[in-house]
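To start, the structure under review is shown below, and the notes come after it.
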Amino acid sequence: MQIGLRAVIRKTGAVTLHAAYTIGDSRPLLKLGDLDRKSPEYVSIEDARELTKSIQHLADRGIDVQEGLHRRLISELKTQGSRWRSK
């Protein structure tokens, strides 16, 4: 069990895993991936637990991982423009 790890079950039956963390006065969720092994965004429960621990540790130090993702995306878009592709 990992506090902050959330499973969201969609109407389709698909399950996505999310990390909840506290940064300032907000409690955002970050999608970690899908529980379906066939999905390109597959993440195991074990990996999701470790990712959640890391995200929470960073948040405890005042680092919002989503802010970092946004900055990285903008930087890549500036460099690559319309050639940018998600990996």
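Can you send over the carbon and sulfur percentage of the accessible area for the chain, probe radius 1.4 Å, protein chains only?
Working: 3540 of 6660 Å².
With neighbouring chains kept in place, the figure for the chain is 53 percent.
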Hey, what number do you get for the chain at 222 nm if only DSSP H runs of n ≥ 4 count, each worth -39500 (n - 2.57), divided across all residues, to the nearest 500?
-12000 deg cm²/dmol
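Using a simple charge model, +1 on the beta-carbon of Lys and Arg, -1 on the beta-carbon of Asp and Glu, nothing else, what dipole does the chain show about its Cα centre, in debye to the nearest 20? Working shown, then result.
Numbers: 16 positive and 11 negative charges, 74 e Å.
The dipole magnitude comes to about 360 debye.
Going through the range 1-71, which GluC sites (Glu not before Pro) have at most 15 other Cβ atoms within 10 Å and a DSSP loop state? Let's see the in-between values first.
Working: sites: E41, E46, E50, E67; in loops: E41.
Counting only loop positions with at most 15 other Cβ atoms within 10 Å, the GluC sites (Glu not before Pro) in the range 1-71 are E41.
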With a probe of 1.4 Å, find how much accessible area the chain has per residue, and write the answer as a whole number in Å².
77
What is the calculated FRET efficiency for K11 to K87, with r their C-beta to C-beta distance and R₀ = 22 Å, to the nearest 0.05?
0.15
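Using a Förster distance of 35 angstrom, determine the FRET efficiency expected from the C-beta separation of D36 and H57, and round it to 0.05. Could the numbers behind the result be given before it?
Numbers: r = 27 Å, r/R0 = 0.79.
Given R0 = 35 Å and the Cβ-Cβ separation, E is 0.80.
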Which net charge results for the neighbourhood of R27, defined as the other residues with beta-carbon distances under 14 angstrom from its beta-carbon, given Lys and Arg at +1 and Asp and Glu at -1?
-2
Have a look at V65, W84, L5 and report the one farthest towards the positive end of the charge dipole of the chain, computed about the Cα centre with Cβ charges (Lys/Arg +1, Asp/Glu -1).
W84
Of the residues R27, R49, R37, which exhibits the maximal mean-square fluctuation in a Gaussian network model of the chain defined by a 10 Å Cα contact cut-off?
R37
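The values are calculated or read from the model by the stated rules, or taken from the named source; none is laboratory data. Just so it is clear, the structure is predicted and the values come from calculations on it, not from any experiment. As a convention, Cβ positions derive from the backbone with ideal geometry for all residues, glycine included, and neighbour counts pool all protein chains shown. Quick note on the areas: whole protein, heavy atoms, side chains included, nothing else; ligands and nucleic acids left out. Shrake-Rupley method; radii C 1.70, N 1.55, O 1.52, S 1.80 Å.
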